[in-house]
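The values are calculated or read from the model by the stated rules, or taken from the named source; none is laboratory data. All values derive from a computational prediction rather than experimental measurement. Don't worry about glycine lacking a Cβ; one is built from the backbone with ideal geometry, like all the others, and counts go over all protein chains shown. Keep in mind that these areas ignore ligands, DNA and RNA; they rest on the heavy atoms of the full protein, side chains included. Shrake-Rupley method; radii C 1.70, N 1.55, O 1.52, S 1.80 Å.
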Amino acid sequence: LMERLKLVLQYFQSNSESISNGICIVLALVSVKLYTSFDFNCPCLPQYNKLYSLGVMTVPPIIFFFLGVLVNRHTGVMMDEWMRPVGNRSKNPAVVKYLFSAMLQRALLAPMVWILVTLLDGKIFICAFSVSVDPGLFSGVPNNTGLDVIRIMAKVPCKEDVIFQNSSFRKAVSRYVRCYSQAVGWSILLFLIILGAMGRLIKPCFEDHAAFLQTRYWSNYLDVEQKLFDETCVLHARDFARKCVVQFFEDMTEDSILHLPHPPFISNVSERWEEEEERLHGVTRQEQMDQLLNKWYYGKPELDVTRIAHRPRPCVTWQDPGGRTLYSDV
C-alpha cells in the first residue's frame with residue numbers, strides 16, 4: 001500500500017500538469033467532505049425555500065471554481081503569455097487557447113462534483129420543489145393544522161415538524177421529489193461521460209494532430225521556462241546576497257599582506273569560485289539586474305539556442321613564480 005501511495009505521490013509531483021490534476025482532485029474531495037459535514041436546514045417557508053436551495057446549489061460551486069482557477073498553475077502561465085509584450089517572440093493564440101481549456105476543465109471539476117452530490121442526495125431538491133408537488137397524488141395530507149396547502153408542502157423538508165408526526169405523507173413526498181433529483185443527477189453524469197467519450201473519439205477526426213502536439217509542447221515549454229527562470233533567479237539572489245555580505249565584512253577589516261606557499265587544494269577553491277561566478281552570469285550590480293528583469297519581461301528571448309551551442313570558452317592557465325604551468329581551467 002505504501003509503495004502504491006508513493007507512486008501516486010511521485011506522479012502528482014512529476015510536472016506542473018500532474019500537480020494541477022492532484023490539486024483539483026483534492027478540491028473535489030474537499031467539496032464532497034464539506035457537503036457531508038454541512039448542516040443543511042431548510043427554512044420550510046414558501047418564500048425562502050427556493051432561494052435558500054438556489055444559494056446552496058450555486059454559491060459553493062462558484063467558490064470552488066475560483067479556487068480551482070486560483071491554484072491552477074496554467075492560469076498564471078496563460079495570463080503571462082496573453083498579457084506579455086511581443087518583443088523578440090511572437091505570441092501563439094493556440095497555446096493560450098490550450099492553456100485556457102486546460103485551466104477551465106480542471107477548475108470545473110470540484111463545482112461539478114458538488115452539484116452532482118447535491119442532486120444525488122436530494123435534500124436540496126426536496127427543499128426547493130416540495131411546494132411544486134401536487135398533494136393530491138398522496139394520501140394522508142394533514143388537514144387539521146390550520147395551514148394552507150402551500151405552507152404544508154413547504155414544511156415537507158422539516159421531518160421534525162409536529163404536523164407530520166405519525167404520518168407517512170412527508171416521507172412519500174420526499175421519496176417522490178428525491179427520485180426526480182437523482183434522475184437529474186444521473187442524467188447530468190451520463191451526459192458528461194458521453195460528451196467526454198465522444199469528444200475523445202471525434203476530436204482526432206477534425207484536428208491536426210501535429211498541430212496539437214506542437215501546441216502542447218510549447219505550452220509545457222512556457223511552464224518549464226518560467227520555473228527555470230525563477231530557479232535561476234533564486235540561485236543568483238543567494239550568491240549575490242552572499243557576496244554582498246562577504247564584501248561588507250571584508251571592507252571592515254584592515255589591509256594585510258600574507259606570504260603563504262601555494263596550497264594543493266587551491267584548485268578546488270578556484271573551481272568553487274568559478275562556479276559562483278558562473279551563477280552570477282556577469283550580473284554584479286543592482287542596475288544590471290533590474291535591466292535584465294526588464295528585458296526578460298519586455299523582450300523574451302527568441303526560441304533559438306544555436307548560439308549557445310557555439311559560444312567561446314575562456315581557458316585560464318595558472319603558473320608559479322618561475323613561469324611553470326600548474327594547471328588550467330576551461
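Odds and ends about this structure:
- Segment Lys33-Gln247, length gained on full extension (0.36 nm per residue, minus Cα span): 71.5 nm
- Formal net charge of residues neighbouring Gly76 (Cβ-Cβ distance under 13 Å; K, R +1; D, E -1): -2
- Carbon plus sulfur fraction of accessible area for segment 107-200, probe 1.4 Å, in percent: 63
- Pair Thr306, Glu231: separation of 7 Å Cα→Cβ label points (nm): 2.8
- With K and R counted +1 and D and E -1, the other residues having a Cβ less than 14 Å from that of Ser31 yield a net charge of +1.
- Evaluated at q = 0.16 Å⁻¹: base-10 log I(q)/I(0), Debye formula over Cα of segment 11-206: -1.03
- Whole-number accessible area per residue in Å² for segment 11-206, which is evaluated in the context of all protein chains at 1.4 Å: 59
- One way to sum up the overall shape of segment 94-176 is the equivalent ellipsoid from its Cα gyration tensor, whose semi-axes run 42, 11, 10 Å, largest first.
- Taking amide hydrogens as placed 1.01 Å from N in the peptide plane, the amide H of Asp161 sits under 5 Å from that of no residue at least 5 positions away in sequence or on another chain.
- Positive contributions from Lys and Arg (+1) and negative ones from Asp and Glu (-1), summed over other residues with Cβ under 12 Å from the Cβ of Ile124, come out at +2.
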